[in-house]
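Chemist: Here you go, one structure.
The values are calculated or read from the model by the stated rules, or taken from the named source; none is laboratory data. This is a predicted model, so every value here is computed, not measured. Neighbour counts run over all protein chains shown; Cβ positions are idealised from the backbone, glycine included.
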Amino acid sequence: MRVVRAGKLIDGTGEDVQLDRALYLENERIADVGPGAQIPENAEVLDLREYSIYPGLIDAHVHLVFSCSTNALADVLADDDQILLLRSVAGGRQALRAGVTTVRDLGGRGGVTFRLRDAIARGIVAGPRIQAAGSPITITGGHCHFLGMEADGEQAVRGAARTQLKAGANCLKIMATGGRMTPGTNITVAQYTVAELAGAVEEAARAHVPLAAHALGTSGIRNATAAGVTTIEHCNWLGPDGSIQFDADVARQMAAKGVAVVATLTPLQRAAPAIRDEILGCMRRMRELGVPFVAGTDAGVSVTPFDRLHRELEIMVDNVGFTPLDAIRAATGGSARVLGLSSVGTLEPGRFADLVAVDGDPSVHIQDTSAIRLVMKSGETIAENGVLLV
Ligand SMILES: [Zn+2]
């Protein structure tokens with residue numbers, strides 16, 4: 001019998017820290033959780049009493065095929081799928097070392113991320129568990145059209161969703177507005193009607209996968225909320241003239257329907273301070289209105305590597321009003337629930353033994369989430385003191 005003994009345990013459900021607990025492992029999973037003082041003498045114990053333990057983190061918004069460079073667009077246009085695949089292997093390893101044991105990839109090309117996901121699951125290469133959307137669905141010439149899945153009209157959107165699911169997608173992504181990365185698209189204007197988005201919502205529901213909608217502009221946020229997507233990515237509330245136009249009614253509908261926001265605040269830190277602060281203000285209002293938050297970084301875009309989820313949680317605490325435990329829950333158990341992942345996200349019986357041990361106490365100081373001593377995935381220690389062992 002293998003046991004992990006934790007000094008302080010944050011289980012990812014949002015519950016308070018528990019002192020001196022024992023996680024009983026059975027192969028890859030947690031079989032039981034009990035008091036540290038009652039561990040049987042014959043057990044093989046990994047003693048982490050000096051540390052705080054939290055569940056392996058979930059980054060709900062990454063792009064493993066992107067280069068994180070200031071030329072992320074030029075890189076993806078210039079490189080072939082083989083290079084993208086190798087780049088995604090490296091990005092996955094970077095995430096793992098930072099305690100990110102699950103990612104939702106919201107935009108790749110040519111099935112590259114499906115191949116990586118399957119190779120990791122088969123043990124061919126090390127990396128996080130991956131929920132992969134494949135190519136995002138966008139209008140002709142729309143945001144990220146270069147990733148290869150343009151569709152106009154409700155029937156074509158449904159067809160595109162089915163094509164991605166057939167190719168292996170276990171989540172879906174649709175572009176509800178233009179994006180900053182794609183020249184010629186309008187970030188403030190809706191790309192799709194409610195009917196088109198609702199087609200994607202229905203196809204995702206049929207396949208029991210979550211649907212992410214990229215939306216920077218308020219009109220796109222409104223349409224995505226009306227259609228009932230699972231998550232809205234970025235959610236910057238930009239009006240037609242580029243100024244911030246927060247719509248409290250739409251935010252209330254998000255809260256009522258359980259439409260979650262993935263705010264991707266890490267790359268936003270590079271925006272002009274005035275607009276950044278206004279967007280952070282919108283995030284605080286959404287939180288006050290009860291909109292659920294799920295943590296995601298948009299890793300892969302300019303100067304946002306795959307090891308920055310800790311930074312995202314810090315911004316949520318420092319600028320959006322989260323308690324440290326709430327922020328951690330948004331990257332663990334709360335995220336898993338929104339994304340429909342029942343085998344990760346919390347340190348409860350039946351879940352995979354994915355966990356992170358850190359110095360200090362992240363329930364008090366959120367920065368301590370990055371003071372990583374050890375990362376475990378599927379019951380195996382895969383990183384120690386910043387060094388990957390796999
Ligand atoms: Zn993105």
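Chemist: Taking region 63-84, which residues are surrounded by fewer than 21 Cβ atoms within 10 Å (Cβ to Cβ) and assigned to a helix (DSSP H, G or I)?
Modeler: A72, L73, A74, D75, L77, A78, D81, Q82, I83
Chemist: Let me ask something else about it. Looking only at region 309-343, which residues are crowded, with 24+ Cβ neighbours inside 10 Å and assigned to a loop (DSSP other than H, G, I, E, B)?
Modeler: A331, T332
Chemist: Okay, next question. When the residues of region 200-212 are narrowed to those that are in contact (Cβ under 8 Å) with a residue 40 or more places away in the chain and among the small types (G, A, S), which ends up surrounded by the fewest Cβ atoms within 10 Å (Cβ to Cβ)? Full working, then the answer.
Modeler: In the first step, residues of region 200-212 are kept if they are in contact (Cβ under 8 Å) with a residue 40 or more places away in the chain; the result is 200, 202-204, 207-212.
Next, only the ones that are among the small types (G, A, S) stay: 200, 204, 207, 212.
On the way: A200: 27, A204: 24, A207: 18, A212: 32.
Top of the filtered list is A207.
Chemist: Only strands (runs of 3 or more DSSP E) wholly contained in region 136-243 count here; list those with 2 or more residues that are of a type in the set (A, V, I, L, M, F, W, C), more than 14 Å from the ligand (Cβ to nearest atom) and at pLDDT 95 or above.
Modeler: 231-238
Chemist: Turning to a different aspect of this structure: Looking only at region 1-52, count every residue that is aromatic (F, W, Y) and over 21 Å from S363 (Cβ atoms) and tell me the total. Reasoning before the result, please.
Modeler: Taking region 1-52 as the starting set, the residues that turn out to be aromatic (F, W, Y) are 24, 51.
Imposing the further condition that a residue be over 21 Å from S363 (Cβ atoms) reduces the set to 24.
Total satisfying the criteria: 1.
Chemist: Quick check on region 340-350. Is at least one of its residues among the polar types (S, T, N, Q) and touching an Asp or Glu at 6+ places or on another chain (Cβ under 6 Å)?
Modeler: yes
Chemist: Within region 271-295, take every residue that is in contact with a Leu (Cβ under 8 Å, 6 or more places away or on another chain) and within 16 Å of the ligand (Cβ to nearest atom) and give me the one that is nearest to A95 (Cα to Cα). Break it down stepwise before answering.
Modeler: First, the residues of region 271-295 that are in contact with a Leu (Cβ under 8 Å, 6 or more places away or on another chain): 276, 279-280, 283, 294-295.
In the following step, the residues that additionally are within 16 Å of the ligand (Cβ to nearest atom) were identified as 279, 294-295.
On the way: I279: 27, V294: 17, A295: 14 Å.
Top of the filtered list is A295.
Chemist: Test G228 against the criterion of being under 22 Å from T264 (Cβ atoms) and either buried (at least 24 other Cβ atoms within 10 Å of the Cβ) or free of Cβ contacts under 8 Å to residues at least 12 places away in the same chain (or both), and give yes or no.
Modeler: no
Chemist: Moving on. Whether any residue in region 355-378 is closer than 21 Å to G258 by Cβ and charged (D, E, K, R) is what I want to check.
Modeler: No, region 355-378 contains no residue that is closer than 21 Å to G258 by Cβ and charged (D, E, K, R).
Chemist: Check D75, D105 and return the single one that is free of Cβ contacts under 8 Å to residues at least 12 places away in the same chain and within 16 Å of the ligand (Cβ to nearest atom).
Modeler: D75
Chemist: Do the conditions hold for V301, that is, is it closer than 18 Å to I187 by Cα, within 16 Å of the ligand (Cβ to nearest atom) and under 12 Å from the mean Cα position of the chain (by Cα)?
Modeler: no
Chemist: Out of T193, T182, I need the residue that is more than 12 Å from H143 (Cβ to Cβ) and hydroxyl-bearing (S, T, Y). Which one?
Modeler: None of the other options fit; the residue is T193.
Chemist: Looking at A119, A95, can you tell me which residue is more than 15 Å from S378 (Cα to Cα), touching a strand residue (DSSP E or B) at 6+ places or on another chain (Cβ under 8 Å) and either away from the ligand (no atom under 16 Å from the Cβ) or assigned to a helix (DSSP H, G or I) (or both)?
Modeler: Selected residue: A95, the only one of A119, A95 that is more than 15 Å from S378 (Cα to Cα), touching a strand residue (DSSP E or B) at 6+ places or on another chain (Cβ under 8 Å) and either away from the ligand (no atom under 16 Å from the Cβ) or assigned to a helix (DSSP H, G or I) (or both).
Chemist: Give the residue, chosen from A60, A31, that is in contact with a Phe, Trp or Tyr (Cβ under 6 Å, 6 or more places away or on another chain) and assigned to a strand (DSSP E or B).
Modeler: A31
Chemist: Filter region 307-334 for residues that are within 14 Å of the ligand (Cβ to nearest atom) and over 11 Å from the mean Cα position of the chain (by Cα) and give the result.
Modeler: R308
Chemist: Answer yes if at least one residue in region 264-271 is over 21 Å from Q164 (Cα atoms), in contact (Cβ under 8 Å) with a residue 12 or more places away in the chain, among the charged types (D, E, K, R) and in a loop (DSSP other than H, G, I, E, B), and no otherwise.
Modeler: Yes; the residues of region 264-271 include at least one that is over 21 Å from Q164 (Cα atoms), in contact (Cβ under 8 Å) with a residue 12 or more places away in the chain, among the charged types (D, E, K, R) and in a loop (DSSP other than H, G, I, E, B).
Chemist: Looking at the structure I just gave you, is A256 away from the ligand (no atom under 16 Å from the Cβ), at pLDDT below 95 and either on the phi < 0 side of the Ramachandran plot or of a type in the set (V, I, T) (or both)?
Modeler: no
Chemist: Within region 47-62, can one find any residue that is over 29 Å from T264 (Cβ atoms) and free of Cβ contacts under 8 Å to residues at least 24 places away in the same chain?
Modeler: no
Chemist: Do we have any residue at all in region 9-29 that's of a type in the set (D, E), surrounded by fewer than 23 Cβ atoms within 10 Å (Cβ to Cβ), more than 15 Å from P349 (Cα to Cα) and within 26 Å of the chain's Cα centre (by Cα)?
Modeler: Within region 9-29, one or more residues are of a type in the set (D, E), surrounded by fewer than 23 Cβ atoms within 10 Å (Cβ to Cβ), more than 15 Å from P349 (Cα to Cα) and within 26 Å of the chain's Cα centre (by Cα).
Chemist: Cβ-Cβ distance below 7 Å, separation of 6 or more or different chains: which pairs start in region 2-13 with a residue that is more than 14 Å from A336 (Cβ to Cβ) and end on one that is modelled with pLDDT of 95 or more and of a type in the set (K, R)?
Modeler: Here the result reads R5/R49; A6/R21; G7/R49; L9/R21, each pair linking region 2-13 to a residue that is modelled with pLDDT of 95 or more and of a type in the set (K, R).
Chemist: Has region 185-199 got at least one residue that is among the β-branched types (V, I, T) and buried (at least 24 other Cβ atoms within 10 Å of the Cβ)?
Modeler: no
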